[in-house]
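Peer 1: The structure's right below; bear with me while I get my questions together.
Every read-out reported here was derived from the displayed coordinates using simple, explicitly stated rules and does not represent laboratory data. Owing to the predicted nature of the structure, the values given are computational and were not obtained by experimental measurement. Cβ sites come from the backbone with ideal geometry, for glycine too, and all protein chains shown count toward neighbours.
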Amino acid sequence: MEEKQGQPRRKIIHIDMDAFYASVEQRDNPEYCGKPLVVGGAPDARGVVATASYEARKFGVRSAMSSRRALQLCPHAIFVRPRFAAYKEVSQHIREIFGRYTDLIEPLSLDEAYLDVTEDKLGIGSAIDIAKAIKQAIKDELDLTASAGVSVNKFVAKIASDMEKPDGLTFIGPSSLASFIEKLPVEKFWGVGKVTADKMKKLGLFTGADLKQLSLEQITRHFGKAGAFYYNIVRGIDEREVQPHRETKSVGAEDTFPYDLSSLEEMEAELDKIALLVHQRLVKHQLKGRTITLKVKYSDFRQITRSQSYPDGLDDLQTIAATAKSLLRATDVEESPVRLLGITVSNFTTPEIREKGPSGQLELF
């Protein structure tokens, strides 16, 4: 990938905290250290895993898994409720550390962000040295670990940060960019979920190198608008900039089921799980929305959405779940099996908007 004429090659760092919620809990509660810890809902109340310590992950426990399943995989796991106020306080300190090196910071959530250090404040020059300094500051000041990916674009930096967890630092430089992307399994590509990955594999596409063999017309025919992104990214082309003021328009979650759901009882049980995920994400980002949208995809691939709006912003679990169920009952789900359900909350308010009017703005990190 060549830099544009007259412009330096970008230096992008992706920082991702290691098992963030669980690590904060283990730091603040020494009795949890070295033990399988699950942060999320209780396993006896349709709870969902927000995150799990690395001790629990060894047993297969993962984020967004039902807490009941997590308990089956790891019967001796300790379950604790999330403390979002504590996590946000830590997150603000991390953001302050980032700000020592650059103002080009794009937060993705409380525990991860992109940094553009092409021109860093301290004149260090080396993105690797900056990433090392950030990791060390987080360790010294917060007694937590972070993993970092360093590369010339956002796509590769994010993948790199996940390669040597926990407490890792991976650099993918220009000379190794092409070979790195060509060796990537397709499920590692941004936007490729299980359904898309299965489709790719049925077409004989297993790695970046396989995707690279397709022409732009072929890849677009198979994967629509996303095809153009895949076409560019396998060639190392990702021009997306780090956006310091990235605005979140909606928060949602959805699930594609291993078999079609045919009873309202099954569907409402799944909506409870999805609503909990949405609720956790709203609280995590300190967002409240006025509009709740239900998404339904039927077994014949027809798709509908139904929305309900409220005069004031909300983030409470009961209202989200009840509204989604009400919207569901107003459709013809009992006549057509359902393949996918999703819930989205949008039309956000913020504390600043409620107090100061429409000029207020919410900081996500």
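Peer 1: Okay, helix-only estimate at 222 nm for the chain: each DSSP H run of n ≥ 4 adds -39500 (n - 2.57), divide by all residues, round to 500 deg cm²/dmol; what do you get?
Peer 2: Numbers: 14 runs with 139 residues, N = 365.
Value at 222 nm, helices only: -11000 deg cm²/dmol.
Peer 1: Of ILE94, ILE304, ILE105, which is the most mobile in a GNM of the chain whose springs link Cα atoms less than 10 angstrom apart?
Peer 2: Highest fluctuation of the listed residues: ILE304.
Peer 1: Moving to a separate point now. Treat every Asp and Glu Cβ in the chain as -1 and every Lys and Arg Cβ as +1, leave all other atoms uncharged, and give the resulting dipole magnitude about the Cα centre to the nearest 20 debye. Don't skip to the end; give the middle numbers.
Peer 2: On the way: 51 positive and 52 negative charges, 124 e Å.
Magnitude of the dipole: close to 600 debye.
Peer 1: For the residue pair ASP28 and MET163, what label-to-label distance in nm results when each label sits 7 Å from Cα along the Cα-to-beta-carbon direction?
Peer 2: Here the answer is 3.4 nm between the modelled labels.
Peer 1: Moving on. What spacing in nm lies between the two simple spin-label points modelled at SER126 and TYR54, each 7 Å away from Cα in the Cβ direction?
Peer 2: According to this spin-label approximation, the distance is 2.4 nm.
Peer 1: In units of 2.2 N^0.38 Å, what is the alpha-carbon radius of gyration of segment 177-233? Let's see the in-between values first.
Peer 2: Values: Rg = 10.0 Å, N = 57, 2.2 N^0.38 = 10.2 Å.
In units of the globular-protein estimate, segment 177-233 measures up at 0.98.
Peer 1: Okay, next question. In whole Å, largest first, what are the principal axis extents of the Cα atoms in segment 1-154?
Peer 2: 60, 32, 23
Peer 1: Using a 10 Å cut-off around each Cβ, can you sort ILE124, ILE78, ILE292 from fewest to most neighbouring Cβ atoms? Provide the component values of the computation, followed by the final result.
Peer 2: Working: ILE124 14, ILE78 18, ILE292 27.
Fewest to most other Cβ atoms nearby, the residues stand as ILE124, ILE78, ILE292.
Peer 1: For the modelled label position 7 Å from the Cα of PHE257 along Cα-to-Cβ, which residues of segment 263-287 have backbone nitrogen atoms closer than 17 Å?
Peer 2: Of the residues in segment 263-287, 263-276 have backbone N under 17 Å from the label point off PHE257.
Peer 1: Distances longer than 36 Å among the Cα atoms of the chain: what percent of all pairs is that? Mind dumping the intermediate values first?
Peer 2: Values: 18275 of 66430 pairs.
For the chain, the fraction of Cα-Cα distances above 36 Å is 28 percent.
Peer 1: How charged is the neighbourhood of HIS14? Take every other residue with its Cβ under 10 Å from the Cβ of HIS14, and add Lys/Arg as +1 and Asp/Glu as -1.
Peer 2: On the way: positive: LYS154, LYS158; negative: ASP16, GLU106, GLU112, ASP162.
Taking every other residue near HIS14 into account, the sum is -2.
Peer 1: Starting from 0.36 nm per residue, how many nanometres of slack lie between ARG306 and ALA178 once their C-alpha separation is accounted for? Can you show the working numbers first?
Peer 2: On the way: separation 128, 0.36 × 128 = 46.08 nm, distance 4.34 nm.
Here the segment from ARG306 to ALA178 would lengthen by 41.7 nm.
Peer 1: In whole Å, largest first, what are the principal axis extents of the Cα atoms in segment 250-356?
Peer 2: Sorted from largest, the Cα extents of segment 250-356 read 47, 22, 21 Å.
Peer 1: Sticking with this structure for a sec: Out of residues 5 or more away from LEU104 or on other chains, whose amide H comes under 5 Å of its own, with H placed 1.01 Å from N in the peptide plane?
Peer 2: ASP116
Peer 1: Could you give the length gained on full extension between ARG235 and THR118, defined as 0.36 nm per residue of separation minus the Cα-Cα distance, in nm?
Peer 2: 40.0 nm
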